[in-house]
Amino acid sequence: MSTTEAPPKPTPSELEMLRLLWQLGPATARQVHEAATATRPDMGYANVLRLLQVMHAKGLLARDESARAHIYAPAQPQDSLQTSLIKELIHKAFAGSGKELVLAALRGGHVSKKEREEIQELLKREE
């Protein structure tokens, strides 16, 4: 992937694997599978392994092949990928307005009272 090329957009299942790897740190397919079954007991090891391999081929994951059990890690930091996905969402769903995205989240009940307080503190610090 070149530096000017946008990173590939993960599918919902791939995003779930990325969230697990951001929490775990670099991990084997078995470790990712164990973490995944905590919330999705129906997820089979072969499915996790196949998904990790596809994600590596797409450039979403880096893979260390120096040991028998390959170690997978996100190719991008969490905040970098989230920023890219947010930019795309703002452009597509909110006509490029970050304010509209924030207002929709606040109106839609997607922000807890504690999160609102944290946002208010952040805004105060920015002033």
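What follows is calculated from the coordinates using simple rules that are stated; it is not laboratory data. Just so it is clear, the model here is predicted, and its values are computed rather than measured. FYI the Cβ positions are ideal-geometry reconstructions off the backbone, even for glycines, and counts take in every protein chain you see.
The figures follow:
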quantity	calculated
Residue order, fewest to most surrounding Cβ atoms within 10 angstrom, among 13, 80	80, 13
Residues with amide H under 5 Å from that of residue 76, placed H, sequence gap 5 or more	none
Nearest-ten-degree value, helix 29-39 long axis tilted from longest Cα axis of the chain	50
Acute angle (nearest 10 degrees) that the helix 45-58 long axis makes with the longest principal axis of the chain, alpha-carbon atoms	70
Highest-MSF residue in the chain out of 98, 108, 59 [GNM, Cα springs under 10 Å]	108
Proxy reagent accessibility, fewest Cβ within 10 Å first, across 118, 16	118, 16
Among 51, 81, 106, residue whose mean-square fluctuation peaks in a GNM of the chain (springs only between Cα atoms under 10 Å)	106
Loop-located trypsin sites (Lys or Arg not before Pro) in region 48-127 whose Cβ has at most 13 other Cβ within 10 Å (DSSP)	68
Where only C-alpha atoms are counted, convex hull volume of the chain per residue in Å³	160
Degrees separating the helix 98-107 axis from the principal Cα axis of the chain, which is the longest one	90
Candidates 46, 38, 27: whichever shows maximal mean-square fluctuation once the chain is modelled as a Gaussian network with Cα springs under 10 Å	38
